[in-house]
1. Here are some residues: B:Leu335, B:Leu391. Which one is among the aliphatic types (A, V, I, L, M), in contact (Cβ under 8 Å) with a residue 24 or more places away in the chain, out of contact with any Lys or Arg (no Cβ under 7 Å at 6 or more places or on another chain) and within 7 Å of chain A (Cβ to nearest Cβ)?
2. Would you please name the residue that is farthest from A:His173 (Cα to Cα), looking only at residues in the range A:212-239 that are of a type in the set (Gly, Ala, Ser) and assigned to a loop (DSSP other than H, G, I, E, B)?
3. So, of the residues in the range B:227-250 that are aliphatic (A, V, I, L, M) and more than 12 Å from every other protein chain (Cβ to nearest Cβ), which turns out to be farthest from B:Val158 (Cα to Cα)?
4. Out of the residues in the range A:301-354 that are among the hydroxyl-bearing types (Ser, Thr, Tyr), buried (at least 17 other Cβ atoms within 10 Å of the Cβ) and not in a helix (DSSP H, G or I), which is nearest to the other protein chains (Cβ to nearest Cβ)?
5. Could you list, in sequence order, the residues of the range B:401-449 that are more than 27 Å from the chain's Cα centre (by Cα), part of a loop (DSSP other than H, G, I, E, B) and in contact (Cβ under 8 Å) with a residue 40 or more places away in the chain?
6. For the range A:130-137, state whether one or more residues are facing chain B (nearest Cβ under 9 Å), out of contact with any strand residue (DSSP E or B) (no Cβ under 7 Å at 6 or more places or on another chain) and modelled with pLDDT of 95 or more.
7. Quick one: which strands (runs of 3 or more DSSP E) lie wholly within the range B:251-301 and hold at least 3 residues that are touching a helix residue (DSSP H, G or I) at 6+ places or on another chain (Cβ under 9 Å) and within 11 Å of another protein chain (Cβ to nearest Cβ)?
8. Please work out which residue is surrounded by the most Cβ atoms within 10 Å (Cβ to Cβ), limiting yourself to the range A:461-482 and to residues that are over 21 Å from A:Ile9 (Cβ atoms) and either in contact with a His (Cβ under 6 Å, 6 or more places away or on another chain) or of a type outside the set (D, E, K, R) (or both).
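The values are calculated or read from the model by the stated rules, or taken from the named source; none is laboratory data. Quick caveat, the model's predicted, so the values are computed rather than measured. Note that we place each Cβ from the backbone using ideal geometry, even for glycine, and neighbour counts take in every protein chain shown.
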Amino acid sequence: MANQDFPLIFERSKEGRTSYSLPELDVTEFDLDAELEDVYIRKNAPDLPEVSELDIMRHYTGLSNRNYGVDSGFYPLGSCTMKYNPKINEDVARLEGFTHIHPYQDPKTVQGAMEMLYDLQTSLKEITGMYEVSLQSAAGAHGEWTALMMIRAFHESNGDYERTKVIVPDSAHGTNPASAAVAGFEAVTVKSNEAGLVDLEDLKRVVGRDTAALMLTNPNTLGLFEKEILQMAEIVHGAGGKLYYDGANLNAIMGYVRPGDMGFDAVHLNLHKTFTGPHGGGGPGSGPVGVSKELEPFLPKPVITKKDDAYVFDIDRPQSIGRIKPYYGNFGINLRAYTYIRTMGAEGLKKVSEFAVLNANYMMRKLEKEYELPYPQHCKHEFVLSGSRQKKLGVRTLDIAKRLLDFNYHPPTIYFPLNVEEGLMIEPTETESKETLDGFIDTMLTIAEEVRNNPEIVQEAPHTTIVKRMDEATAARKPILRYNKQ
Amino acid sequence: MEFRYLPMTETDKKEMLHSIGVKSTDELFSDIPDNVRFKGELDLKNPVNEYELKKELTAMANKNANLKQYSSFLGAGVYDHFIPSVVDHVISRSEFYTAYTPYQPEISQGELQAIFEFQTMISELTGMPVANSSMYDGGTSLAEAVNLSAAQTKKKKVLVSKSVHPESRAVIETYARGQGVEIVEIGLIDGLTDLKQLDEELDDTIAGVVVQYPNFFGQIEPLQKIEELIKQQKKTMFIVSSNPLALGYLTPPGEFGADIVVGDTQVFGIPAQFGGPHCGYFATTEKLMRKVPGRLVGQTKDEDGVRGFVLTLQAREQHIRRDKATSNICSNQALNALASSVAMSSIGKQGIKKMATLNMQKARYAKSRMKEANLEVVFESPFFNEFVVKLSSSVDDINNKLFNKGIIGGYDLERDYPELKGHMLVAVTEIRSKEEIDTFVKELGDING
């Protein structure tokens, strides 16, 4: 497609054109305007599009052609686990018995849905080794905050109001400190050591009477397993704090090690990462929370339980932190995750982690020839390269990312985690073939060569996309956040 | 067992292990200490093939009584509306649903533009200049609005009307506790916010006032009068939760001086699906633009001057600001926002008023028929598509009997309002036919005696 503006749906509008089809008014008509005070009757109709049905399909098909998903090509976006989204999941999630059920129907009339949720809870308990699981949270960050609110309630139930701090490693996802802040805690940082792991000495220094919890991703965002996890648990528990597991990287360890067995008191999972919920261009996700027995009384309401062979919503939970979301979580995403778990079983899930790790190590060893690898040990499901050698030649990691677009790849996560200079965080996932990995490796090596011989081609990338690099500075300085008719 | 999502062959694996320089994949896991390792196999149900699994899940789905088999008058925040066929065709395009957040604008213009259009539609409906790219749902969006009002005004008390959705109020309570914000409930008179009490509670310690429009009982809160009370306090923010479909007929909150308008776009193209995923929206003033939670898409140009879109004002967000961010939200409901955009495009400028009006007409017809059947309808203020009927016995019992007649009855208000024992909240949307309404009224009248 040529480089040109793609019209907005509003620019396709023509006065008087419609595409709606609504039921007829088959009842006696009331004089609505006479009923309401005039001030409450809308005078200016909202300027929604006036388009035909074909206009809609052409418009959104055109937009979809201007987008890139996992089905379009390789998407090694570190920390995001962009694996294949199975199609049976989509079909199942569209069954009328699942899509058209109301959250306030009598539980007796939705036992199939509740059975699915209960089974999913049971499966996630087993996979994480936690005592109980709640499916209420809508996304990972929502799960983090939910679990932190529970930890807070736990401490307060012991009359302990002094625990105001949550410790997060310097390599943590941004949501960790943000969730801590929203839950009313102060976030404090613990440093990583030279091996890319949490520095135990620094942990001992920051932990104390005021520690509510330590939030940890394991493997961490460098893709490295925190092997001193039991010592860390001992330090944090010894000080009376709780250990929180950010499940963003669970894809690396299923069937190998469980957060519950590593001493974690609370976990959240990202069903839209590890368990194939599609990312949807940013959401919806699902972020279930698993907890230890000690934290169980604080779970958000309601909790799905089984009573005399029937599934019920338990709302009689006096110590619960309350509701964190209306209804019962993102049911449609939970259903997709359930379908995936039923497809894979224990054997399949362990293979998932095995291949996620194999693929990452394979790529890492091939790419370290040209790119700096700051942490040389075996990685788990992802690894982080540094673009420092290329930077010395005047090419930034951002340029390398943009150059990958010309080869029809989605770039890795860049400039994260913060403790790697010019970071390139690569997560291939287990659903990619060796041929795909080899193709990407070759391209990365080609780009490294371009950096040496023809840096401009990288610095000026992308060359083949429908738009070039965007003026983000102007976008932020003079924000235009909606369409206005000329 | 074969796994169709795992493409590596034994040969691939051997070559890769050789290339890495290890003998087995186990070596790659050698950094996991033996004493924490999971031994044995996870206790999960055996994996099933695609055909059997679809059969199994279809059987599970069929155990649920669904809204397409029954005639439903259940609403209370989640509604059974018509969904145009185009919606699912668009959101089934995998360039949309298998994409991540559009962090690479050059290959994400489709999603970015779709969000920009969504922001515009929400802005139009609510009468607010700024709308974000979506929130988890109406309830959490409202809770974020409450916390934003406290952060912005540096005050720690928020007044919330009891006619706001009970689950949203419960969510507000939890979020507010995290931030040390005190919630004071404003009571009701005849199903509307008690303006006298609101006036009494309003002083310069109040960060925000929260009302719902139309409220939980379907009634239309007098936003003009409420705004007059609020604006006596210079800083207090006016927060309105609104069903966006109703705004096809009602004057939008933006025209009554609202500072934040939130709600859920489930009414546009998103099925009930047992309560989620739905799609929260968050709209506000220019002044609060840089305090909005979640993602915003802005228009800009590329190097060649071609119009394009990017995620913008990201300095508000957790991945940049970490603990100083305005919210911890990361994943949102992008695909559902897309569904709602397609539905809003399909309904269009002409259809939106027609659809809102149809809801109002059918609900009025149902209400008048109930009165004719000597059912006691309470609260007489103007309403949207829901109203309250008082019954002679428990709503639970009556709903059980209705269910046997193929009807899913309304919401039992006693669940949240002990004083409303035997009161049913009835929702009538555009897809309920005259015949369905007549049958419902007749059966309800017969059961009620």
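1. B:Leu335
2. Top of the filtered list is A:Ala239.
3. B:Leu229
4. Once the filter is applied, the top-ranked residue is A:Tyr327.
5. Hits for the range B:401-449 are B:Gly406, B:Gly449.
6. Scanning the range A:130-137, I find no residue that is facing chain B (nearest Cβ under 9 Å), out of contact with any strand residue (DSSP E or B) (no Cβ under 7 Å at 6 or more places or on another chain) and modelled with pLDDT of 95 or more, so the answer is no.
7. B:280-284, B:296-301
8. A:Ala461
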